[in-house]
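Remarks on the structure that follows.
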Protein chains: 2
Amino acid sequence: MARVIVDVMLKPEILDPQGQAIARALPRLGFSGVSEVRQGKRFELELDGPADEAALSEVRKMAETLLANTVIENFAIHVAE
Amino acid sequence: MARVIVDVMLKPEILDPQGQAIARALPRLGFSGVSEVRQGKRFELELDGPADEAALSEVRKMAETLLANTVIENFAIHVAE
């Protein structure tokens, strides 16, 4: 049993209206000091087996196929501590 | 300039239909070995200043106020390397 995290974020050159809406809301709520916000997705996958190289390779294929739209999104995979 | 990450996930006791849909789709796509999927949100905040204790305390307040619904969601804050 291992937990693998897949973080999916819009590519830097893709407009992120959700993030912009949050960035604009912060000053109205009295917060300052944040210049940019980007919103993405986080997936936690519980694996049946260990997070070895073969399993992580499978997770990479899952991310490319289902979790991320690689035309507009980047993803990063890491094993949870 | 520092980048702070806020990860927001549904609390473990809260049903996650999005994650369940992904978990059910994986075998149909030929993937095996994943027992559970949870989907959450990831926010990347660019700070004007350094990610010191005062700034992280502000980010914590932003998460409680705007980024997470603390009735049903947990959040975690960490500074991006």
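Values as computed for the structure displayed
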quantity	calculated
For the protein assembly as shown, size of Cβ-based charge dipole, Lys and Arg +1, Asp and Glu -1, in debye	560
Low-density loop positions, chymotrypsin sites (Phe, Trp or Tyr not before Pro), chain A - DSSP coil, at most 13 other Cβ in 10 Å	none
Net dipole in debye of chain A [+1 Lys, Arg Cβ; -1 Asp, Glu Cβ; about Cα centre; nearest 20]	520
Charge dipole of segment B:2-79 about the Cα centre (unit charges at C-beta), most positive-ward option of B:68, B:50, B:33	B:33
Rg/Rg_globular for the protein assembly as shown, with Rg_globular taken as 2.2 N^0.38 Å and Rg from C-alpha atoms	1.08
Whichever aspartates and glutamates have a C-alpha closer than 15 Å to that of residue A:41, once near sequence neighbours (fewer than 8 apart) are set aside	A:7, A:16, A:64, A:73, B:7, B:16, B:44, B:73
Estimated 222 nm signal from helices in the protein assembly as shown, with DSSP H stretches of n ≥ 4 weighted -39500 (n - 2.57), rounded to 500	-8000 deg cm²/dmol
Additional length obtainable on full extension of the chain from residue B:32 to residue B:48, 0.36 nm per residue less Cα span	1.4 nm
Principal axes of segment A:2-79: Cα extent on each, largest first, Å	47, 25, 15
Segment A:2-79 - percent relative contact order, Cα under 8 Å, separation 6 or more	53
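Read-outs throughout are calculated quantities, based only on the coordinates presented, and are distinct from any laboratory measurement. Note that this is a predicted model, so its numbers are computed, not measured. Note that each Cβ is placed from the backbone with ideal geometry, even for glycine, and that neighbours are counted across all protein chains shown.
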